[in-house]
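Colleague: This is the structure I want to talk about, given as structure tokens.
The values are calculated or read from the model by the stated rules, or taken from the named source; none is laboratory data. These figures come from a predicted structure and were not determined experimentally. Every residue, glycine among them, receives a Cβ derived from its backbone with ideal geometry; neighbour counts consider all protein chains shown. What goes into the accessible areas is simple: the full protein's heavy atoms, side chains included, and nothing from ligands, DNA or RNA. Shrake-Rupley method; radii C 1.70, N 1.55, O 1.52, S 1.80 Å.
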Amino acid sequence: MINTLTLTDFRNHPACRITTYGKRNIIITGPNGAGKTAILEAVSLLGGERGMRGVQMSDIARFAGNGGFGVVANLGDDTQISIQFNGGDNNRRAKIDNENANLTDLAKLMRIVWITPREDRLFVDSSADRRAFFDRLATSFDASHAGRCAKLSKLLSERAFALKSGADTRWIDALDVQIAGVAVAIAAARIQYAGELNYFLKNCAVSVNGIIEKMQIDGMSSGDAERQYLDYLKNNRTLVGDKMILDGPHKSDMGVFNNVLNLPAYLTSTGQQKTVLMELILAHAKLVHTKTGKKPIILLDEAAAHLDDNARNKLFQELGAADAQVWATGLDVNIFKNVPDAVFVACQDGDINNIVVAE
């Protein structure tokens, strides 16, 4: 867990420090534009990824395009980690205990997952958004999963270029072999994650739908699935309107079913979808803690949006019992009055008032 978080020239925060006092729940409140989400974004960068907004590093710096920023966290085990961006190029640099480190090293220390208002539409938006969301969760346990997804995208682009340019068949054969191997590994990781997540879910269930995922769910071995998909690739090398029409893990979808209402999540109300989304994140936290022994960090931007009083109180009770540290934002501090084991941060135009409320 994070004990202290220090920001320098990050968004609208010139310099601030937040102390968690060992609490599990950090509640950040304040008006729109005060910098609440920026604090969550800073935490999200500590996982080694591009952060919950996925923007250029130069856009995050307080003096956008001309300056740098720093994010430093002291953890519960006395480890210090940091992300520094010095401007110029778009590269950010990691340090662990003041020693240079790879960004991937941060992912081994920090298991971070987030929900923003964008994820509130997860079940009704495109399959691409759901794939990206669940792939990010699966990467918590299989660090190579994100790399495989990126590699598949690159290989598919190379294949499309090869087909458009009339490249030698041997080049396309070699690409297809690589694509088949990576595709099967991606599908297997998704199936494994969904199965393990479902163990911790009570009111909903996750399914994986895709051409290769179906092969493996039906009992086909990885080797046979790879060979069958390779045959599919070899038989689908025709461009349609100058585009490559191809099925595979880049087209798969993740389904979520509400067991209480006996309906797919996308057919339920906005509030019911938010409730299911929160259950997914809580189950993910339990899975992370069970498999790794680490307490994940959950970032909830506008945590109470779309939830009625009963759903909100239930959520906060479950968050209080979760094996995680939760950083949540909201406009009104009063809606967080029942959150247990909490520290409150009042945010006003980059200024921070950090207090602990006695139990």
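Colleague: For the stretch 237-259, enumerate the residues that are of a type in the set (Val, Ile, Thr) and open to solvent by 40 Å² or more (accessible area, probe 1.4 Å).
Modeller: Thr238, Val240, Ile245
Colleague: Restricting the stretch 214-258 to residues that are of a type in the set (Asp, Glu) and in a loop (DSSP other than H, G, I, E, B), which is nearest to Val182 (Cα to Cα)?
Modeller: The extreme case among them is Asp247.
Colleague: Now, a different point. Among Leu280, Leu261, which is aliphatic (A, V, I, L, M), outside any strand (DSSP E or B) and more than 18 Å from the chain's Cα centre (by Cα)?
Modeller: From the options Leu280, Leu261, the qualifying one is Leu261.
Colleague: When the residues of the stretch 308-333 are narrowed to those that are part of a loop (DSSP other than H, G, I, E, B) and either in contact with a Lys or Arg (Cβ under 6 Å, 6 or more places away or on another chain) or basic (Lys, Arg) (or both), which ends up most open to solvent (accessible area, probe 1.4 Å)?
Modeller: Applying the filter and picking the extreme gives Asp323.
Colleague: If you check Thr19, Thr4, Thr37, Thr79, which single one turns out to be open to solvent by 10 Å² or more (accessible area, probe 1.4 Å), in contact with a Lys or Arg (Cβ under 7 Å, 6 or more places away or on another chain) and closer than 25 Å to Lys295 by Cβ?
Modeller: Thr4
Colleague: While we're here: In the stretch 174-199, what count of residues is obtained for those that are open to solvent by 20 Å² or more (accessible area, probe 1.4 Å) and out of contact with any strand residue (DSSP E or B) (no Cβ under 7 Å at 6 or more places or on another chain)?
Modeller: Qualifying residue count for the region: 10.
Colleague: From Arg62, Arg11, Arg93, Arg50, grab the single residue that is crowded, with 17+ Cβ neighbours inside 10 Å and in contact with a helix residue (DSSP H, G or I) (Cβ under 9 Å, 6 or more places away or on another chain).
Modeller: Going through Arg62, Arg11, Arg93, Arg50 in turn, just one is crowded, with 17+ Cβ neighbours inside 10 Å and in contact with a helix residue (DSSP H, G or I) (Cβ under 9 Å, 6 or more places away or on another chain): Arg11.
Colleague: Let me ask something additional. Kindly list, by first and then second residue, each pair from a residue in the stretch 214-234 that is within 12 Å of Val184 (Cβ to Cβ) to a residue that is of a type in the set (Lys, Arg) and surrounded by fewer than 16 Cβ atoms within 10 Å (Cβ to Cβ), limited to pairs with Cβ atoms under 9 Å and residues at least 6 apart or on different chains.
Modeller: From the stretch 214-234, the pairs are Met220/Lys214.
Colleague: Among Lys151, Lys202, which is farther than 30 Å from Gln273 by Cα, within 22 Å of the chain's Cα centre (by Cα) and open to solvent by 30 Å² or more (accessible area, probe 1.4 Å)?
Modeller: Every option except Lys151 fails the conditions.
Colleague: Of the residues Thr275, Thr292, which single one is β-branched (Val, Ile, Thr), open to solvent by 30 Å² or more (accessible area, probe 1.4 Å) and closer than 21 Å to Arg111 by Cα?
Modeller: Thr292
Colleague: Only one of (1) surrounded by fewer than 20 Cβ atoms within 10 Å (Cβ to Cβ); (2) charged (D, E, K, R); (3) not in a loop (DSSP other than H, G, I, E, B) is not met by Glu119, so which one is it?
Modeller: (1)
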